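Contents: one structure, followed by commentary.
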């Protein structure tokens with residue numbers, strides 16, 4: 001990604017973050033990026049893996065998660081703050097992406113005791129996915145969440161997930177045929193601060209009984225990375241969470 005495109009996409013994402021409650025259009029975002037609408041949509045998709053509209057929607061859900069956990073603002077007020085006119089529409093979108101309704105998410109303090117899994121259709125064929133999660137040299141890794149999602153945005157329901165005690169190999173059995181994205185996330189701690197590391201591999205296509213290799217390299221999360229919307233399970237769960245359909 002050249003520097004001009006990087007700065008343009010950063011400006012657009014900054015506009016989204018500053019105006020989550022506004023009725024932003026593609027024209028508005030293209031103007032903030034100082035690109036034509038067509039060119040902006042194309043380079044934004046290339047930089048982030050998703051369309052501007054989907055990225056904006058993901059940021060709105062992310063901000064609503066923060067408000068639910070850090071304030072006592074009502075769900076109705078939060079929905080309006082992040083740009084929804086209908087509380088029902090907001091609650092449906094939140095529940096589908098996060099894995100729990102807004103009120104339950106607040107009551108559970110953002111940590112779900114379950115992971116929402118999709119349902120395979122009758123007659124679906126399955127195949128395995130395996131790989132290794134790697135980290136930069138000299139880092140101090142913690143537990144790693146690895147999930148298999150139907151789109152570039154990590155939101156529920158997913159096909160499979162696992163929590164690793166540390167970066168290393170993983171295996172998903174019985175993954176339904178189709179196109180999937182592997183997303184990994186880990187919290188790194190050092191003497192100064194905590195930092196979220198993220199990795200992505202995909203899209204990958206699953207065919208019957210054909211093993212797919214999907215290694216994931218963790219790196220510091222960037223502004224271009226679509227936020228993880230799914231409420232991740234408690235890393236302290238024992239045994240590690242494994243969900244497959």
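What follows draws every value from the coordinates through simple rules; no lab data is involved. Predicted model, so just to flag it, every value in this text is computed and none were measured. Positions of Cβ are backbone-derived with ideal geometry, glycine not excepted, and every protein chain shown enters the neighbour counts.
Quick notes on this structure:
- Each eigenvalue of the Cα gyration tensor of segment 126-244, multiplied by 5 and square-rooted, gives one semi-axis; in descending order these are 24, 15, 13 Å.
- Computed FRET value (nearest 0.05) for residue 51 with residue 3, which takes r as the C-beta separation and R₀ as 25 Å: 0.65
- Using R0 = 25 Å, the C-beta based FRET efficiency linking residue 103 and residue 224 works out to 0.20.
- Anisotropy class of segment 3-107 from Cα gyration tensor, a/c 1.5 cut: prolate
- Taken over the chain, the percentage of Cα pairs per 5 Å bin, counting from 0 up to the bin with the maximum distance, is 1, 6, 13, 15, 17, 17, 15, 10, 5, 1, 0.
- Peptides ranked, highest mean first, by Cβ atoms within 10 Å: ranges 3-10, 27-34: 27-34, 3-10
- Across 233, 137, 203, mean-square fluctuation computed from a Gaussian network of the chain (C-alpha pairs under 10 Å connected) peaks at 137.
- Degrees separating the helix 52-70 axis from the principal Cα axis of the chain, which is the longest one: 80
- Taking the helices alone, the chain has a mean residue ellipticity at 222 nm of -10000 deg cm²/dmol, built from -39,500 (n - 2.57) per DSSP H run of at least 4 residues and averaged over all its residues.
- Subtracting the Cα-Cα distance of residue 10 and residue 196 from their residue separation scaled by 0.36 nm leaves 65.1 nm.
- With a Förster radius of 35 Å applied to the C-beta separation of residue 132 and residue 19, the computed FRET efficiency comes to 0.30.
- Exposure proxy order (Cβ contacts within 10 Å, fewest to most) of 194, 225: 194, 225
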